[in-house]
Amino acid sequence: MQATEIRLASRPDGFPTMADFAVVDTEVPAPAEGQILVRNLVMSVDPAMRGRMRDTKSYAPPFAVGEVMSGGAVGEVVESTVDAFKPGDHVLHQLGWRTHAVVDAKHAVKVDANAAPLTTYLGVLGMPGLTAYSGLLETAEFKEGDTVFVSGAAGAVGSVVGQLAKLKGAKRVIGSAGSAEKVRHLVEDLGFDAAFNYKDGPVAEQLRAAAPEGIDVYFDNVGGEHLEAAIDSINLHGRMAICGMISQYNATEPTPAPRNLVQIIAKRFTMRGVLVLDHFGLQKQFVAEVAPLVASGQLKYEETIVEGIRNAPEAFLGLLNGANTGKMLVRIT
Ligand SMILES: NC(=O)c1ccc[n+]([C@@H]2O[C@H](COP(=O)([O-])OP(=O)(O)OC[C@H]3O[C@@H](n4cnc5c(N)ncnc54)[C@H](OP(=O)(O)O)[C@@H]3O)[C@@H](O)[C@H]2O)c1
(Lines give C-alpha, C1' and ligand atoms only; values in the text may rest on other atoms or scores of the structure.)
Protein backbone atom coordinates (compact mmCIF):
# COMPACT_ATOMS: atom_id res chain seq x y z
CA MET A 1 0.00 0.00 0.00
CA GLN A 2 1.20 3.47 -0.85
CA ALA A 3 0.25 6.69 0.90
CA THR A 4 0.12 10.20 -0.54
CA GLU A 5 0.41 13.47 1.35
CA ILE A 6 0.45 17.18 0.57
CA ARG A 7 3.27 19.24 2.03
CA LEU A 8 3.72 22.97 2.20
CA ALA A 9 6.50 23.63 -0.31
CA SER A 10 6.84 27.38 0.26
CA ARG A 11 5.10 30.26 2.01
CA PRO A 12 2.91 32.14 -0.48
CA ASP A 13 3.45 35.81 -1.12
CA GLY A 14 -0.04 37.04 -1.98
CA PHE A 15 -2.44 34.58 -3.58
CA PRO A 16 -1.08 31.01 -3.18
CA THR A 17 -0.10 29.03 -6.29
CA MET A 18 0.26 25.33 -7.03
CA ALA A 19 4.02 25.74 -6.57
CA ASP A 20 3.42 26.36 -2.85
CA PHE A 21 2.36 22.70 -2.46
CA ALA A 22 4.20 19.41 -3.00
CA VAL A 23 2.36 16.15 -3.64
CA VAL A 24 4.49 13.38 -2.16
CA ASP A 25 4.07 9.60 -2.38
CA THR A 26 5.28 7.85 0.73
CA GLU A 27 4.94 4.74 2.90
CA VAL A 28 1.84 4.03 4.94
CA PRO A 29 2.83 4.79 8.55
CA ALA A 30 2.35 2.29 11.37
CA PRO A 31 0.49 3.18 14.58
CA ALA A 32 2.29 3.02 17.93
CA GLU A 33 0.63 2.24 21.27
CA GLY A 34 -2.36 4.54 21.86
CA GLN A 35 -2.70 5.33 18.16
CA ILE A 36 -4.93 4.30 15.28
CA LEU A 37 -4.22 4.09 11.55
CA VAL A 38 -6.95 5.84 9.58
CA ARG A 39 -7.59 5.67 5.84
CA ASN A 40 -8.93 9.11 5.10
CA LEU A 41 -12.11 9.25 3.03
CA VAL A 42 -12.80 12.98 2.86
CA MET A 43 -10.93 16.09 4.01
CA SER A 44 -11.74 19.72 4.48
CA VAL A 45 -10.06 22.76 2.99
CA ASP A 46 -10.71 25.91 5.03
CA PRO A 47 -9.89 29.62 4.64
CA ALA A 48 -8.05 29.53 7.98
CA MET A 49 -5.41 27.30 6.37
CA ARG A 50 -4.27 30.35 4.41
CA GLY A 51 -3.40 31.99 7.75
CA ARG A 52 -1.40 28.92 8.80
CA MET A 53 0.71 29.16 5.62
CA ARG A 54 2.03 32.44 6.99
CA ASP A 55 4.79 32.48 9.61
CA THR A 56 2.93 34.59 12.15
CA LYS A 57 1.66 33.95 15.66
CA SER A 58 -2.05 33.19 15.84
CA TYR A 59 -4.46 30.87 17.64
CA ALA A 60 -3.11 27.90 15.60
CA PRO A 61 0.59 27.35 14.84
CA PRO A 62 1.86 27.94 11.29
CA PHE A 63 2.41 24.96 8.98
CA ALA A 64 6.13 24.25 8.68
CA VAL A 65 7.66 24.46 5.22
CA GLY A 66 8.46 20.96 3.96
CA GLU A 67 5.97 19.29 6.28
CA VAL A 68 2.62 17.75 5.58
CA MET A 69 -0.29 20.15 6.10
CA SER A 70 -3.18 19.34 8.43
CA GLY A 71 -6.88 19.98 8.84
CA GLY A 72 -10.22 18.28 9.42
CA ALA A 73 -10.77 14.85 7.89
CA VAL A 74 -13.07 11.86 8.24
CA GLY A 75 -11.74 8.38 7.65
CA GLU A 76 -12.06 4.70 8.40
CA VAL A 77 -9.97 2.99 11.06
CA VAL A 78 -7.87 0.25 9.47
CA GLU A 79 -5.67 -0.65 12.43
CA SER A 80 -6.10 0.10 16.12
CA THR A 81 -3.99 -0.35 19.24
CA VAL A 82 -6.77 0.78 21.61
CA ASP A 83 -10.04 -0.83 22.71
CA ALA A 84 -12.10 2.29 22.04
CA PHE A 85 -11.67 2.01 18.24
CA LYS A 86 -12.10 -0.98 15.97
CA PRO A 87 -11.24 -1.40 12.28
CA GLY A 88 -14.23 -0.16 10.27
CA ASP A 89 -15.10 2.65 12.71
CA HIS A 90 -15.44 6.09 11.16
CA VAL A 91 -13.57 8.89 12.89
CA LEU A 92 -13.24 12.66 12.66
CA HIS A 93 -9.74 14.01 13.31
CA GLN A 94 -7.34 16.81 12.36
CA LEU A 95 -4.81 14.99 10.14
CA GLY A 96 -6.19 15.67 6.68
CA TRP A 97 -4.08 16.44 3.58
CA ARG A 98 -2.93 12.79 3.46
CA THR A 99 -4.44 9.47 2.43
CA HIS A 100 -3.40 7.66 5.62
CA ALA A 101 -3.08 9.19 9.07
CA VAL A 102 -1.69 7.88 12.32
CA VAL A 103 -3.86 9.56 14.90
CA ASP A 104 -3.53 9.62 18.67
CA ALA A 105 -6.70 7.88 19.79
CA LYS A 106 -7.44 10.73 22.20
CA HIS A 107 -7.62 13.13 19.25
CA ALA A 108 -10.13 11.08 17.25
CA VAL A 109 -13.92 11.28 17.59
CA LYS A 110 -16.18 8.50 16.38
CA VAL A 111 -18.83 9.56 13.87
CA ASP A 112 -21.89 7.64 12.73
CA ALA A 113 -22.29 7.16 8.97
CA ASN A 114 -25.89 6.06 9.50
CA ALA A 115 -26.89 9.19 11.41
CA ALA A 116 -25.70 11.62 8.72
CA PRO A 117 -23.54 11.55 5.57
CA LEU A 118 -19.87 11.47 6.57
CA THR A 119 -19.18 14.70 4.66
CA THR A 120 -21.54 16.65 6.90
CA TYR A 121 -19.26 16.14 9.92
CA LEU A 122 -16.84 18.53 8.18
CA GLY A 123 -19.51 20.99 7.10
CA VAL A 124 -23.05 21.72 8.16
CA LEU A 125 -22.85 19.50 11.29
CA GLY A 126 -19.18 20.15 11.90
CA MET A 127 -16.85 23.05 12.59
CA PRO A 128 -18.37 25.50 10.05
CA GLY A 129 -21.91 24.76 11.29
CA LEU A 130 -20.88 25.29 14.91
CA THR A 131 -19.15 28.53 13.94
CA ALA A 132 -22.36 29.80 12.37
CA TYR A 133 -24.50 28.68 15.32
CA SER A 134 -22.30 30.08 18.07
CA GLY A 135 -21.43 33.25 16.16
CA LEU A 136 -25.04 34.10 15.41
CA LEU A 137 -26.61 33.11 18.72
CA GLU A 138 -23.88 33.87 21.27
CA THR A 139 -21.55 36.41 19.71
CA ALA A 140 -24.12 38.45 17.78
CA GLU A 141 -26.84 37.75 20.37
CA PHE A 142 -29.41 37.26 17.62
CA LYS A 143 -33.03 37.74 18.63
CA GLU A 144 -36.35 37.26 16.87
CA GLY A 145 -37.28 40.22 14.69
CA ASP A 146 -33.68 41.16 13.85
CA THR A 147 -32.68 42.08 10.32
CA VAL A 148 -29.49 40.12 9.58
CA PHE A 149 -26.82 40.68 6.95
CA VAL A 150 -24.25 37.94 6.30
CA SER A 151 -21.34 38.18 3.87
CA GLY A 152 -19.84 35.09 2.26
CA ALA A 153 -23.43 33.93 2.41
CA ALA A 154 -23.22 31.07 -0.08
CA GLY A 155 -20.30 29.44 1.73
CA ALA A 156 -20.18 26.81 4.46
CA VAL A 157 -20.56 29.19 7.42
CA GLY A 158 -22.62 31.92 5.76
CA SER A 159 -25.30 29.62 4.36
CA VAL A 160 -25.97 28.21 7.84
CA VAL A 161 -26.01 31.68 9.44
CA GLY A 162 -28.68 32.97 7.04
CA GLN A 163 -30.91 29.93 7.24
CA LEU A 164 -30.68 29.69 11.03
CA ALA A 165 -31.59 33.35 11.35
CA LYS A 166 -34.66 32.77 9.15
CA LEU A 167 -35.68 29.64 11.07
CA LYS A 168 -35.34 31.54 14.35
CA GLY A 169 -37.60 34.39 13.32
CA ALA A 170 -35.45 37.04 11.68
CA LYS A 171 -37.47 39.87 10.19
CA ARG A 172 -35.27 39.94 7.10
CA VAL A 173 -32.10 38.13 6.03
CA ILE A 174 -29.76 39.55 3.41
CA GLY A 175 -26.73 37.81 1.96
CA SER A 176 -23.89 38.79 -0.32
CA ALA A 177 -21.93 36.47 -2.59
CA GLY A 178 -19.69 36.59 -5.63
CA SER A 179 -21.81 35.37 -8.55
CA ALA A 180 -25.30 35.64 -10.02
CA GLU A 181 -25.81 31.91 -9.56
CA LYS A 182 -24.93 32.14 -5.87
CA VAL A 183 -27.32 35.07 -5.45
CA ARG A 184 -30.09 33.02 -7.09
CA HIS A 185 -29.24 30.06 -4.82
CA LEU A 186 -29.49 32.19 -1.67
CA VAL A 187 -32.92 33.53 -2.49
CA GLU A 188 -34.54 30.64 -4.34
CA ASP A 189 -33.02 27.61 -2.60
CA LEU A 190 -32.08 28.85 0.88
CA GLY A 191 -34.92 31.32 1.49
CA PHE A 192 -32.94 34.53 2.00
CA ASP A 193 -35.17 37.61 1.64
CA ALA A 194 -32.61 39.40 -0.50
CA ALA A 195 -29.12 38.84 -1.85
CA PHE A 196 -26.66 40.69 -4.04
CA ASN A 197 -23.44 40.08 -5.95
CA TYR A 198 -20.75 42.21 -4.30
CA LYS A 199 -18.93 42.36 -7.64
CA ASP A 200 -21.85 44.20 -9.27
CA GLY A 201 -21.24 47.57 -7.57
CA PRO A 202 -20.45 49.31 -4.29
CA VAL A 203 -21.42 47.05 -1.39
CA ALA A 204 -22.74 49.97 0.69
CA GLU A 205 -25.22 50.95 -2.04
CA GLN A 206 -26.35 47.40 -2.68
CA LEU A 207 -26.81 46.76 1.04
CA ARG A 208 -28.81 49.97 1.55
CA ALA A 209 -31.12 48.94 -1.30
CA ALA A 210 -31.57 45.44 0.15
CA ALA A 211 -32.09 46.68 3.74
CA PRO A 212 -33.77 50.09 3.52
CA GLU A 213 -34.57 50.02 7.27
CA GLY A 214 -30.99 49.11 8.19
CA ILE A 215 -29.59 45.95 9.78
CA ASP A 216 -29.50 44.83 13.41
CA VAL A 217 -26.91 42.06 13.04
CA TYR A 218 -23.92 41.77 10.75
CA PHE A 219 -22.13 38.41 10.49
CA ASP A 220 -18.79 39.21 8.85
CA ASN A 221 -16.97 36.59 6.81
CA VAL A 222 -15.28 39.01 4.45
CA GLY A 223 -14.10 42.27 6.07
CA GLY A 224 -12.92 45.30 4.08
CA GLU A 225 -15.58 46.99 1.96
CA HIS A 226 -18.27 44.68 3.36
CA LEU A 227 -17.48 45.73 6.92
CA GLU A 228 -17.61 49.41 6.00
CA ALA A 229 -20.97 48.88 4.28
CA ALA A 230 -22.32 47.09 7.36
CA ILE A 231 -21.17 49.97 9.61
CA ASP A 232 -23.06 52.38 7.34
CA SER A 233 -26.25 50.29 7.49
CA ILE A 234 -26.21 49.08 11.09
CA ASN A 235 -28.95 50.35 13.38
CA LEU A 236 -28.68 51.78 16.88
CA HIS A 237 -27.34 49.12 19.28
CA GLY A 238 -26.70 46.68 16.43
CA ARG A 239 -24.35 43.72 16.93
CA MET A 240 -21.56 42.46 14.70
CA ALA A 241 -19.96 39.01 14.90
CA ILE A 242 -16.60 39.24 13.20
CA CYS A 243 -15.92 35.69 12.05
CA GLY A 244 -13.60 36.09 9.09
CA MET A 245 -12.07 38.65 6.75
CA ILE A 246 -11.32 36.55 3.69
CA SER A 247 -10.97 39.61 1.44
CA GLN A 248 -7.72 40.35 3.30
CA TYR A 249 -6.15 36.89 3.65
CA ASN A 250 -3.91 37.24 0.58
CA ALA A 251 -3.04 40.89 1.11
CA THR A 252 0.62 41.81 0.74
CA GLU A 253 0.22 45.30 2.24
CA PRO A 254 -1.50 46.31 5.52
CA THR A 255 -5.23 46.63 4.83
CA PRO A 256 -7.12 49.85 5.68
CA ALA A 257 -9.19 49.94 8.83
CA PRO A 258 -12.90 50.60 8.34
CA ARG A 259 -12.79 54.29 7.46
CA ASN A 260 -16.21 54.93 9.01
CA LEU A 261 -15.61 53.33 12.41
CA VAL A 262 -16.42 56.64 14.08
CA GLN A 263 -20.09 55.66 13.67
CA ILE A 264 -19.66 53.19 16.53
CA ILE A 265 -20.08 56.13 18.93
CA ALA A 266 -23.39 57.51 17.72
CA LYS A 267 -24.86 54.08 16.97
CA ARG A 268 -23.39 52.33 20.06
CA PHE A 269 -23.10 49.08 18.09
CA THR A 270 -20.88 46.25 19.28
CA MET A 271 -18.24 44.32 17.33
CA ARG A 272 -17.05 41.02 18.75
CA GLY A 273 -14.72 38.47 17.30
CA VAL A 274 -15.88 34.87 17.20
CA LEU A 275 -13.53 31.92 17.34
CA VAL A 276 -15.15 28.51 17.12
CA LEU A 277 -12.54 27.01 19.49
CA ASP A 278 -14.21 28.94 22.33
CA HIS A 279 -17.58 27.36 21.61
CA PHE A 280 -16.97 23.61 21.58
CA GLY A 281 -19.04 23.52 24.77
CA LEU A 282 -22.07 24.22 22.57
CA GLN A 283 -21.36 21.23 20.31
CA LYS A 284 -23.98 18.90 21.86
CA GLN A 285 -26.68 21.57 21.89
CA PHE A 286 -25.79 22.55 18.32
CA VAL A 287 -26.04 18.99 16.97
CA ALA A 288 -29.23 18.28 18.94
CA GLU A 289 -30.87 21.35 17.42
CA VAL A 290 -29.42 21.48 13.93
CA ALA A 291 -29.13 17.78 12.94
CA PRO A 292 -32.95 17.33 12.89
CA LEU A 293 -33.33 20.53 10.83
CA VAL A 294 -30.82 19.14 8.32
CA ALA A 295 -32.44 15.69 8.29
CA SER A 296 -35.89 17.19 7.65
CA GLY A 297 -34.58 19.48 4.91
CA GLN A 298 -35.57 22.66 6.75
CA LEU A 299 -31.91 23.64 6.79
CA LYS A 300 -30.33 22.91 3.43
CA TYR A 301 -26.68 22.46 2.68
CA GLU A 302 -24.51 22.26 -0.40
CA GLU A 303 -21.11 20.66 -0.79
CA THR A 304 -18.58 21.20 -3.57
CA ILE A 305 -16.50 18.04 -3.77
CA VAL A 306 -13.17 17.83 -5.57
CA GLU A 307 -12.02 14.29 -6.33
CA GLY A 308 -8.62 12.95 -5.29
CA ILE A 309 -5.91 13.87 -2.80
CA ARG A 310 -3.67 15.16 -5.61
CA ASN A 311 -6.29 17.80 -6.35
CA ALA A 312 -6.42 19.08 -2.75
CA PRO A 313 -4.23 22.13 -3.54
CA GLU A 314 -6.52 23.00 -6.46
CA ALA A 315 -9.55 22.66 -4.15
CA PHE A 316 -7.92 25.02 -1.65
CA LEU A 317 -7.12 27.63 -4.31
CA GLY A 318 -10.67 27.23 -5.62
CA LEU A 319 -12.04 27.93 -2.14
CA LEU A 320 -10.13 31.21 -1.99
CA ASN A 321 -11.47 32.06 -5.46
CA GLY A 322 -15.12 31.29 -4.73
CA ALA A 323 -15.29 28.06 -6.77
CA ASN A 324 -17.39 26.49 -4.01
CA THR A 325 -21.03 26.70 -3.10
CA GLY A 326 -21.45 25.50 0.47
CA LYS A 327 -18.64 23.44 1.99
CA MET A 328 -15.52 22.78 -0.09
CA LEU A 329 -14.28 19.21 0.41
CA VAL A 330 -11.84 16.77 -1.13
CA ARG A 331 -12.92 13.15 -1.53
CA ILE A 332 -9.85 10.99 -0.98
CA THR A 333 -11.29 7.52 -1.63
N1 LIG B 1 -13.69 32.51 13.48
C2 LIG B 1 -13.83 31.20 13.32
O3 LIG B 1 -13.79 30.41 14.25
C4 LIG B 1 -14.05 30.70 11.92
C5 LIG B 1 -14.35 29.35 11.67
C6 LIG B 1 -14.61 28.95 10.35
C7 LIG B 1 -14.54 29.90 9.33
N8 LIG B 1 -14.22 31.18 9.62
C9 LIG B 1 -14.20 32.23 8.59
O10 LIG B 1 -15.48 32.28 8.03
C11 LIG B 1 -15.40 32.67 6.68
C12 LIG B 1 -16.11 31.63 5.82
O13 LIG B 1 -15.46 30.38 5.96
P14 LIG B 1 -16.04 29.09 5.22
O15 LIG B 1 -15.26 27.92 5.70
O16 LIG B 1 -17.52 29.08 5.33
O17 LIG B 1 -15.62 29.37 3.71
P18 LIG B 1 -16.61 29.53 2.48
O19 LIG B 1 -17.45 30.75 2.72
O20 LIG B 1 -17.30 28.24 2.24
O21 LIG B 1 -15.60 29.77 1.29
C22 LIG B 1 -14.91 30.95 1.15
C23 LIG B 1 -15.69 31.93 0.26
O24 LIG B 1 -15.17 33.22 0.43
C25 LIG B 1 -15.55 34.01 -0.66
N26 LIG B 1 -14.49 34.98 -1.00
C27 LIG B 1 -13.22 34.73 -1.39
N28 LIG B 1 -12.56 35.88 -1.59
C29 LIG B 1 -13.44 36.88 -1.33
C30 LIG B 1 -13.37 38.31 -1.36
N31 LIG B 1 -12.23 38.94 -1.71
N32 LIG B 1 -14.47 39.02 -1.05
C33 LIG B 1 -15.61 38.39 -0.70
N34 LIG B 1 -15.75 37.04 -0.64
C35 LIG B 1 -14.67 36.31 -0.95
C36 LIG B 1 -15.81 33.06 -1.83
O37 LIG B 1 -17.19 33.15 -2.19
P38 LIG B 1 -17.74 34.25 -3.23
O39 LIG B 1 -17.94 33.52 -4.52
O40 LIG B 1 -19.00 34.69 -2.59
O41 LIG B 1 -16.70 35.32 -3.35
C42 LIG B 1 -15.56 31.67 -1.22
O43 LIG B 1 -16.45 30.70 -1.67
C44 LIG B 1 -13.91 32.81 6.37
O45 LIG B 1 -13.56 34.16 6.50
C46 LIG B 1 -13.26 31.98 7.44
O47 LIG B 1 -11.94 32.41 7.71
C48 LIG B 1 -13.97 31.58 10.88
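When we screen Gly244, Gly326, Gly322 for residues that are over 17 Å from Gly223 (Cα atoms), of a type in the set (Gly, Ala, Ser) and under 15 Å from the mean Cα position of the chain (by Cα), the only hit is Gly326. Taking the criterion of being assigned by TED's automatic domain parsing to the domain that holds Tyr198, crowded, with 19+ Cβ neighbours inside 10 Å and within 16 Å of the ligand (Cβ to nearest atom), would at least one residue in the stretch 280-298 satisfy it? So far as the stretch 280-298 goes, no, none of its residues is assigned by TED's automatic domain parsing to the domain that holds Tyr198, crowded, with 19+ Cβ neighbours inside 10 Å and within 16 Å of the ligand (Cβ to nearest atom). Could we say that Ala241 is without any contact (Cβ under 8 Å) to a residue 40 or more places away in the chain and within 15 Å of the ligand (Cβ to nearest atom) here? Considered against the rule, which asks whether it is without any contact (Cβ under 8 Å) to a residue 40 or more places away in the chain and within 15 Å of the ligand (Cβ to nearest atom), Ala241 comes out as no. Total residues in the stretch 180-227 satisfying the condition of being surrounded by 22 or more Cβ atoms within 10 Å (Cβ to Cβ), within 14 Å of the ligand (Cβ to nearest atom) and acidic (Asp, Glu): the figure is 1. For the stretch 249-258, the criterion of being buried (at least 16 other Cβ atoms within 10 Å of the Cβ) and not aromatic (Phe, Trp, Tyr) is met by at least one residue.
Quick one: Glu144 ticks every box in (1) touching a strand residue (DSSP E or B) at 6+ places or on another chain (Cβ under 7 Å); (2) without any contact (Cβ under 8 Å) to a residue 60 or more places away in the chain bar one, so which box is it? The single condition Glu144 does not satisfy is (1). Ala165 satisfies every condition listed in (1) over 20 Å from Arg272 (Cβ atoms); (2) within 22 Å of the chain's Cα centre (by Cα); (3) part of a helix (DSSP H, G or I); (4) away from the ligand (no atom under 13 Å from the Cβ) except (1).
One residue stands out in the stretch 88-115 among those that are touching a Gly at 6+ places or on another chain (Cβ under 7 Å) and within 13 Å of Gln35 (Cα to Cα): the one that is surrounded by the most Cβ atoms within 10 Å (Cβ to Cβ), namely Ala101.
Out of curiosity, is Ala156 away from the ligand (no atom under 12 Å from the Cβ) and in contact (Cβ under 8 Å) with a residue 12 or more places away in the chain? No: the conditions fail for Ala156.
Among the residues making up the stretch 257-277, those that are more than 8 Å from the ligand (Cβ to nearest atom), within 24 Å of the chain's Cα centre (by Cα) and not hydrophobic (A, V, I, L, M, F, W, C) are Pro258, Thr270, Arg272.
Give the number of residues within the stretch 228-237 that are in contact with a Gly (Cβ under 8 Å, 6 or more places away or on another chain) and crowded, with 19+ Cβ neighbours inside 10 Å. Break it down stepwise before answering.
Looking only at the stretch 228-237, we keep the residues that are in contact with a Gly (Cβ under 8 Å, 6 or more places away or on another chain), and these are 233-235.
This time we only want the ones that are crowded, with 19+ Cβ neighbours inside 10 Å, so: 233-234.
Of the residues in the stretch 228-237, 2 are in contact with a Gly (Cβ under 8 Å, 6 or more places away or on another chain) and crowded, with 19+ Cβ neighbours inside 10 Å.
Here's a check for you: in the stretch 169-179, which residue that is in a strand (DSSP E or B) and more than 13 Å from the ligand (Cβ to nearest atom) is nearest to Leu299 (Cα to Cα)?
By that ranking, first place goes to Val173.
In the stretch 303-330, the residues that are aromatic (Phe, Trp, Tyr) reach residues that are more than 8 Å from the ligand (Cβ to nearest atom) with C-beta atoms within less than 6 angstrom, at least six apart or across chains, in these pairs: Phe316/Val45.
If you go through the stretch 324-333 one residue at a time, do you hit one that is within 11 Å of the ligand (Cβ to nearest atom), out of contact with any Ser or Thr (no Cβ under 8 Å at 6 or more places or on another chain) and under 25 Å from Arg11 (Cα atoms)? Within the stretch 324-333 (the criterion being within 11 Å of the ligand (Cβ to nearest atom), out of contact with any Ser or Thr (no Cβ under 8 Å at 6 or more places or on another chain) and under 25 Å from Arg11 (Cα atoms)), the answer is no, since none of the residues qualifies.
The values are calculated or read from the model by the stated rules, or taken from the named source; none is laboratory data. On a predicted model such as this, the values are computed, not experimentally measured, just so you know. Positions of Cβ are backbone-derived with ideal geometry, glycine not excepted, and every protein chain shown enters the neighbour counts.
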